[in-house]
Amino acid sequence: MILFLLILITSFLGCSCDIPADADTFRVLSYNVENLFDATLDGTEHAEYQDPGKWSERSYRFRLRNLGRILLDPALNHPDVIILQEIENERVVEDLLTFHLAKKGYRSYAVAQTEGSPISVGAISRHPIIHSSVHAVPQGRNILEVIVETPVEEVVIFALHAKSQIGEFSESEPLRIENAKSVSLASRDYYDNAVLICGDFNQNPRVVHEHEGVQTALVDVVHPQAKLYGRAGSLLISGSEDFLGPGIFYNPYLAEDSRLEGSYCYGGAWHQYDQILLSASLFDRKKWEYSSFEVIRFPYLLNSDGTPRRWNLKTLSGYSDHLPVMVTLTRSPWGI
């Protein structure tokens, strides 16, 4: 059975909505928070979280506090939508709202769970979520779709968490392709809309150039086999707005002038796994327009060597093995 929950939070904890109103800017943050489980033992958690001597209500509250510190950091300017990967379930989102986010205007959320998976994806919004649905991925985690009502236009957001790179590439890549195929098909209903595809893709944007002759989940549209791979389910991406169109999404990492570092470090190498892709309509000078993309590198998120300060279950400190990423949209001055 596929589990899915949408809850609209309208009036609890009061509202000290001290967030400056900004009808001209829309920010979306995506963050793999690294296995954030609640304090209730269900038996599906990772082994280290099934030991009550290590994981308890107290340690759970420490994690929520640390996550809340990031999400409410004034330097982020309170993102309009927060996309989370590796949360256990809806209770995590409820508690995050109850103890940290609700007083800052966050009211709507949606969580998509997958049978047999200990982790889920979720969306939290300061604006009304007016539609939500789940898209199944064969042998993978479900993709969450939400439509958010904003002062300028409705924004369609897909939240995903693709298969990890653990194991042989030849075995795991077909699962990532299935993920790409599912979100590519789902996005076809919104060719004329503002669409964002957010999450941990577990793959670098230039991967197709590193595996010549092999189809990959993400495919740079300039690759000679891009059209063939696109028809076979790959998600087509580009770093140039000149190549955007139906089924082709802008990826900031591929921009010619990009100096973006990765958001995840493994084996001494940085990877650009955490991505936010943008549809062509965000470059048409009409409503919301793409402004910027950044990897969030607050000093307290980093170790002394510059790598992510991941959560440490023994010391109850740290944050995640990934860094958050954020995209900013601005209202077009030529709005039609």
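Only the coordinates and a few stated rules stand behind these numbers; no lab work does. Computed from a predicted model, the values in this text were never measured in an experiment. In this analysis, Cβ positions are derived from the backbone assuming ideal geometry, glycine residues included, and neighbour counts consider all displayed protein chains.
Helical runs (DSSP H, four residues minimum) scored at -39500 (n - 2.57) apiece and divided by the length of the chain put the mean residue ellipticity at 222 nm at -4500 deg cm²/dmol.
Across the chain, the relative contact order, built from alpha-carbon pairs under 8 Å that are at least six residues apart, equals 17 percent.
When the chain is treated as a GNM with alpha-carbon contacts under 10 Å, the residue of Val28, Val152, Val111 showing the greatest mean-square fluctuation is Val152. Per residue, the convex hull spanned by the Cα atoms of segment 115-209 amounts to 119 cubic angstrom. Taking Lys and Arg as +1 and Asp and Glu as -1, the other residues whose beta-carbon sits under 13 Å from that of Gly262 total -2.
When Rg and the Kirkwood radius Rh are both evaluated on Cα atoms of segment 209-308, their ratio Rg/Rh stands at 1.02.
Take every DSSP beta bridge whose two residues both sit in the chain; close to 75 percent of them are antiparallel.
Please report Ile248, Ile276 as a ranked list, fewest other C-beta atoms within 10 angstrom at the top and most at the bottom.
Values: Ile248 19, Ile276 23.
Ascending number of Cβ neighbours within 10 Å: Ile248, Ile276.
In plain terms, if you count all Cα to Cα distances in the chain and split them into 20 Å steps from zero, the share in each step is 32, 61, 7 percent.
Candidate cross-link partners of Lys287 among the aspartates and glutamates, defined by an alpha-carbon separation under 18 Å and a same-chain spacing of 8 or more, comprise Asp22, Asp24, Asp80, Glu149, Glu153, Glu154, Asp192, Glu241.
Using Cα pairs closer than 8 Å and at least 6 residues apart in sequence, work out the relative contact order for segment 20-137, in percent.
Details: 159 pairs, mean separation 34.2, N = 118.
The value is 29 percent.
Counting alpha carbon pairs within less than 8 Å and at least 6 residues apart, what relative contact order, in whole percent, applies to segment 213-299?
Over segment 213-299, the number comes to 20 percent.
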